[in-house]
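Colleague: This is the structure, below, for whatever I ask next.
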Amino acid sequence: MSIVLLDGELIVVKGLDLKRYAGRWYEIASLPVPYQPKDGEDTRATYTLKDNGTLDVLNESYESWVNGKRNFVKGNAYKADPSSDEAKLKVKFYLPLSNPTSTVVGDYWVLYLDTDYQYAIGGEPNRTSLFVCIILVR
């Protein structure tokens with residue numbers, strides 16, 4: 001499995017089927033990122049396919065089971081280039097939750113996906129994030 005060209009652009013999945021990709025993905029490994037709790041547990045992303053071909057996104061993590069604080073952010077994902085078969089998505093998150101008119105837009109590329117859509121690796125093209133996930137709920 002090849003994911004990265006050493007000095008080149010990341011290799012992304014081609015032919016991503018958003019209907020098959022939709023579901024609840026659980027993070028099993030990741031690079032630390034400032035927008036997730038350091039002690040987060042049960043970190044997951046739920047993607048729901050909409051009629052217009054985009055995905056509703058719900059990212060969740062629990063800080064700890066002791067205080068039970070659930071962190072979450074909602075957003076929308078869509079193909080960066082609708083005419084391309086590459087799995088390069090744009091993700092728009094609505095922040096803060098009290099003012100959903102503020103948005104943050106980022107890149108999310110699917111770098112690896114097994115043929116059964118059970119395991120995935122995703123990240124940002126600037127290589128500041130990397131997530132290894134499994135799907136348990138469709």
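The values are calculated or read from the model by the stated rules, or taken from the named source; none is laboratory data. Source: prediction; values computed, not measured. Methodologically, a virtual Cβ is constructed for each residue, glycine included, from the backbone with ideal geometry; neighbour enumeration extends over all protein chains shown. Quick note on the areas: whole protein, heavy atoms, side chains included, nothing else; ligands and nucleic acids left out. Shrake-Rupley method; radii C 1.70, N 1.55, O 1.52, S 1.80 Å.
Colleague: Among the residues in the range 107-116, are any modelled with pLDDT of 90 or more, polar (S, T, N, Q), more than 13 Å from the chain's Cα centre (by Cα) and open to solvent by less than 70 Å² (accessible area, probe 1.4 Å)?
Modeller: No.
Colleague: Something else now. Is it true that residue 9 is open to solvent by less than 50 Å² (accessible area, probe 1.4 Å), modelled with pLDDT under 90 and not aromatic (Phe, Trp, Tyr)?
Modeller: no
Colleague: Still on this structure, I have one more. Which one is farthest from residue 15 (Cα to Cα), of the residues in the range 85-104 that are open to solvent by 30 Å² or more (accessible area, probe 1.4 Å) and modelled with pLDDT of 90 or more?
Modeller: 92
Colleague: Could you tell me whether residue 128 is part of a loop (DSSP other than H, G, I, E, B), open to solvent by 30 Å² or more (accessible area, probe 1.4 Å), under 20 Å from residue 56 (Cβ atoms) and modelled with pLDDT under 85?
Modeller: no
Colleague: Across the range 25-40, which residue is modelled with the highest pLDDT among those that are part of a strand (DSSP E or B) and open to solvent by less than 70 Å² (accessible area, probe 1.4 Å)?
Modeller: 25
Colleague: For residues in the range 41-84 being of a type in the set (Asp, Glu), at pLDDT 75 or above and more than 15 Å from residue 108 (Cβ to Cβ), which is most open to solvent (accessible area, probe 1.4 Å)?
Modeller: So, considering only residues that are of a type in the set (Asp, Glu), at pLDDT 75 or above and more than 15 Å from residue 108 (Cβ to Cβ), the one most open to solvent (accessible area, probe 1.4 Å) is 51.
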